[in-house]
Amino acid sequence: MNVADTNRVDAYEKVTGAAIYGTDRVPPGLAYAMLAVARIGKGRLTRIDTSAAEAVPGVRLVVTQFSSDELRDAGFLLGGGFAFQSFQPLLDDHVAYRGQPIALVVADTLVAATEAAEAVEASYEAEPFAVHLDAETATTLVQEEAIPLPFLADVKVGDADAAFTASPVRIDETYEHPPQHQVPMELIGGVVEWRGDTLVVHEGTQNATALRGGLAQQLGIDKDNIEIISPYVGGGFGQKNSLQPHLAPLAIVARRLGRPVKLVIPRTQTFHGASFRPASRHHVRLGADGSGRLLAAVHEVDQQTSRHDLFPAMHTEITSRLYGVPAFRGRQRLVRTDVQTPGYMRAPFESPAAFAFESAVDQLAYATGQDPVALRLANDTATDPVTGLPFSTRYLAECLRRGADRFGWAARNPEPGSMRAEDGSTIGWGVAVGAYPGNVAPAVANLSAGSDGKVTVGVDGHEMGQGIRSAIALLVAQDLGIPVSDVVVRVGDTRVAPQHLTAGSWGTATALPAVHAGLVELRKHLDVADTGDVDVAAAVAANGRQAVEVGVTSLGPGQPPEMLEQSRAGHVAIGGPVYPTFSTFSWIAHFVEVRVEPTTRRIRVPRVVSVADCGRVASPVTAASQVRGGVVWGIGAALREESLVDDRFGGFLNATLEEYPVPVNADVHKIDVEFINEPDLQFNPIGVKGLGEVAMVGVAAAVANAVHHATGRRHRKLPIRLEHVI
Ligand code: MOS
């Protein structure tokens, strides 16, 4: 295999524009839709006037309300349904949150649709609302009581409160993490088209099967008459992980008009119309002996949810596993506020949780006079402290040691503010670790070997830019000894495989074992040896056929076969991170340098070293890219990103990329990535674990710890902006 073969296999298609994203399509006769949105924080529509909108030339339809017969509920993803929230707008006069759609306009052109949507006039009866965790009308629920599911129960190991009280050294701090939005480059939207009785949807999604199942339920049609096609997604990050409320209305108006309809939701509307990372507050208590050996940890979290859904918190799943703490108590509460339902945003819980917990661990290192790396190594564990099971693999200590080496950590003077750059900036060096659960979903793989020597693979998986297509192509090419260019990978398309949700960093560990099983089967059908290079064209010809096809299914360790049916129906069907005989997590260590300029107090991040344990690295180029992306996200979380809310207005205030700053090139410098690259063969026969999210976990803490080292000040509220270090 040559070097080029290890690159991103769809790079050429992407840079030449040959990769067609969901809403790039312009079918003949296309009409354009736009949404008009509510301009109050909560309440009721008392009047809606569409006459001006209807008078805009080119407008074909303005709909303010669908009947509950034609537009049924899709249900909340986490309640057996398909949608990111249970609430479906455009059914009645209820306004649940600012920015909620109140009318759908369809016109011959995008300009006309936009103008008409602006011309929709509404009057409201406003009601008091809550958008802050501390708002008067926000209501707080204990999660394990409100949602009695075992995997959402509070983690309790030993008597952590008593052990904390008895500990010689105690850290007791509260951390605040703001709401954030994913802002993927590709906007949310879809193109819907009826071909006879078949509904064809092109939409960038991480969950084609849920769109299919949800639309079938909402429209009352057979899911076999629905095709969801999402071969490329221009960034999902969790915001495109389920059915969104625009799609069924689009299908209805497309049928009414007898035309395909496209909607691209403008950036500002996605801040109110799509999921986001909820606000969270973390109370962390660490008890330790004088040497920094952890004796107890208590991690209590309040996390924002919506009024209409309980979006569960899972912050303590990783904080209870970072170290060998003998006593741990987690407690997670949900705070109902008047917003769209929050959801999963890259490392949804793990990043905020690690910011809090790893900031506290750094503080413990200072309180006990220990080096922050040495303290972490001294608290390492090979056993999952929550279950008592071994970790299938855990090379976290190796990540720390290699990272410290690469970074040059030994040269660090621990005294805050003691290290200076030539320009007078204070230098801060910080470290933090991260973990992410090793989940897995059932998958179906259909492989076809052609007489032209090409192998086509259709499998569960969505390509959001993370590189799943490369990982699959490389596996097939390496196994059969054929060029990557002879492998055709088809993902994100309900016509080729079910398309279970691709999220939670389970994509690679889900697709590759299925493809591997498919290769084993394909070799049998081709009558070739179990291993070694294959002349595919010759083997197919010897079979006397044009193509040799196989179909296989795969399940995670210990997963019951019913999970395949659950997946086929469009529901989440994941297993892990606790399996019958082991627990699986991915691990990472980040080392960060910050420089705080003496006069402007501007905080820069000139270099980061990240060492990850994601099992075997399936696709080196895209894997390294995933880690760099995760680090950039962590820098954003630490220093830039915050979705601002105001009690007077509701909704989110900074709903543009001008006002919601994410890191740009000038903010991102050297990011040095290394992998442990040890296969986890208990987890699956390929030895791959997840990577996309663990990449981000701990970065914000490492930045905050570096800022402390530079300035002597601890920041427990993100983002840290220059006004905070003056
Ligand atoms: Mo991800 S936040 O699980 O798509």
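Values as computed for the structure displayed
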item: Whole-number accessible area per residue in Å² for the chain, which is evaluated in the context of all protein chains at 1.4 Å; result: 35
item: Antiparallel content of DSSP bridges confined to the chain, in %, to 5; result: 75
item: Centre separation in Å (Cα based) which lies between the range 325-357 and the range 515-561; result: 43
item: Whole-Hz ³J(HN,Hα) from phi, Karplus 6.51 cos²θ - 1.76 cosθ + 1.60, for the range 162-170, glycine and proline x; result: 5, 5, 5, 4, 7, 6, x, 10, 10
item: ³J(HN,Hα), Karplus 6.51/-1.76/1.60, whole Hz, each residue of the range 12-27, x for Gly, Pro; result: 4, 4, 6, 6, 9, x, 6, 6, 9, 7, x, 8, 6, 6, 10, x
item: Net charge, Pro513 excluded, C-beta distance under 15 Å - Lys, Arg +1, Asp, Glu -1; result: -2
item: 10 Å-binned pair-distance histogram of the range 68-161 (Cα, whole percent); result: 11, 25, 33, 18, 9, 3, 1
item: Whole-Å semi-axes of the ellipsoid equivalent to the range 440-568 (Cα gyration tensor, √5λ, descending); result: 25, 15, 12
item: Cα-based shape type of the range 343-484, given that a ≥ b ≥ c are square roots of the gyration tensor eigenvalues and the cut on a/c is 1.5; result: prolate
item: Fraction of accessible area attributable to carbon and sulfur, the chain (%, probe 1.4 Å); result: 51
item: Long pairs among Lys14/Lys262; Lys223/Lys262; Lys240/Lys262; Lys14/Lys454; Lys156/Lys717; Lys454/Lys689, criterion Cα-Cα beyond 24 Å; result: Lys156/Lys717; Lys454/Lys689
item: Between the range 59-138 and the range 140-217, the Cα center-to-center distance that results, in Å; result: 22
item: Environment charge of Ala541, counting only residues whose C-beta is closer than 12 Å and scoring Lys/Arg +1, Asp/Glu -1; result: -2
item: Largest-first principal axis extents, alpha carbons of the chain, Å; result: 74, 73, 52
item: Antiparallel bridge percentage (DSSP; both residues within the range 440-568; nearest 5); result: 75
item: For Ala52, net neighbour charge (Lys/Arg +1, Asp/Glu -1) across residues whose Cβ lies under 15 Å away; result: -4
item: For the chain, the longest site-free run once GluC sites (Glu not before Pro) in DSSP loop states with at most 11 other Cβ atoms within 10 Å are removed; result: 137-421
item: In Å, descending, principal axis extents of the Cα set of the range 567-622; result: 58, 26, 25
item: Relative contact order of the chain, defined on C-alpha pairs under 8 angstrom at six or more residues apart (%); result: 17
item: Gap separating the Cα centres of the range 679-697 and the range 587-661, nearest whole Å; result: 22
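The values are calculated or read from the model by the stated rules, or taken from the named source; none is laboratory data. Just so it is clear, the model here is predicted, and its values are computed rather than measured. Counting neighbours? That spans all protein chains shown, and the Cβs are built from the backbone with ideal geometry, glycine included. What goes into the accessible areas is simple: the full protein's heavy atoms, side chains included, and nothing from ligands, DNA or RNA. Shrake-Rupley method; radii C 1.70, N 1.55, O 1.52, S 1.80 Å.
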